[in-house]
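One structure below.
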């Protein structure tokens, strides 16, 4: 069902399970996919003028949405575009990160290989400072264009984001990335391709199959015990408390990696949250460590 308001055509009561990789989530009161900055600005200004809460989503790869759904407007980012500028790539935030990695390889630009196989869009990757193999988005982003929640658009540099491990300043401001300039280096196309293939193959060995609902690593790795040391892998702690294959209802810990929680079919958000609580309690009791979620939980009220 659709509803038109001030020339904006919203879809009503769209299940967000269709728009998250967990395949979990109740209906959004209003849902709209935007494919241009102009349309995004129009929707944001409409929401603000009418006192309606709104939420930005991208590929939905790092979200757990409650079973009751979302009261307000869910805006799905479909703003795409990608081009080369010298040794940099300028990409719009709705582009899949995988496509940007491929574009870099095709242009013989090195430095983004670490992002190979990471699901979701550029916008989500910058929002959560996604990374792997010791590198993250904050290491390669140099400039960006963002939209604040009042609809104003700003040009900013890397310092604006205050990047930390799996964190950016967008989590505080609630703003949305529109496009980013990613600084890379000239490289050998064959070497870049081989590194991407190696990383993708390794991720396939560790990760659930694509047809299984999963949002990626559920918990953050822990700060290193001393400067220069590696972070403590949450998956290792979970494995030591017998997490693998644990389940609550249809929410299941992946047998191949204890930090992946999965929905093989029919899981509810309630099941997932109960499983999360159980896992956190086991780690707390065994190691005295409080695990912190990397996954973003979206409650009914946004």
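The values are calculated or read from the model by the stated rules, or taken from the named source; none is laboratory data. As the structure is a prediction and not an experimental result, all values here were calculated from the model. Note that we place each Cβ from the backbone using ideal geometry, even for glycine, and neighbour counts take in every protein chain shown.
Screening 275, 237, 279 for residues that are buried (at least 21 other Cβ atoms within 10 Å of the Cβ), outside any loop (DSSP other than H, G, I, E, B) and out of contact with any helix residue (DSSP H, G or I) (no Cβ under 9 Å at 6 or more places or on another chain) leaves exactly one candidate, 275. Condition (residue is surrounded by fewer than 21 Cβ atoms within 10 Å (Cβ to Cβ), touching a helix residue (DSSP H, G or I) at 6+ places or on another chain (Cβ under 8 Å), more than 21 Å from residue 209 (Cα to Cα) and in contact (Cβ under 8 Å) with a residue 24 or more places away in the chain) applied to region 288-296: is it met by at least one residue? There is at least one residue in region 288-296 that is surrounded by fewer than 21 Cβ atoms within 10 Å (Cβ to Cβ), touching a helix residue (DSSP H, G or I) at 6+ places or on another chain (Cβ under 8 Å), more than 21 Å from residue 209 (Cα to Cα) and in contact (Cβ under 8 Å) with a residue 24 or more places away in the chain. Counting the residues of region 26-53 that are assigned to a helix (DSSP H, G or I), free of Cβ contacts under 8 Å to residues at least 40 places away in the same chain and out of contact with any strand residue (DSSP E or B) (no Cβ under 9 Å at 6 or more places or on another chain) gives 2. Here region 224-234 is the region considered, the condition is being outside any strand (DSSP E or B) and surrounded by 10 or more Cβ atoms within 10 Å (Cβ to Cβ), and the residue that is modelled with the lowest pLDDT is 224. Flag not set for residue 259, criterion: more than 30 Å from residue 69 (Cβ to Cβ), surrounded by 16 or more Cβ atoms within 10 Å (Cβ to Cβ) and in contact with a helix residue (DSSP H, G or I) (Cβ under 6 Å, 6 or more places away or on another chain).
For residues that are farther than 18 Å from residue 37 by Cβ and free of Cβ contacts under 8 Å to residues at least 12 places away in the same chain, tally how many sit in region 54-93. So the answer is 1.
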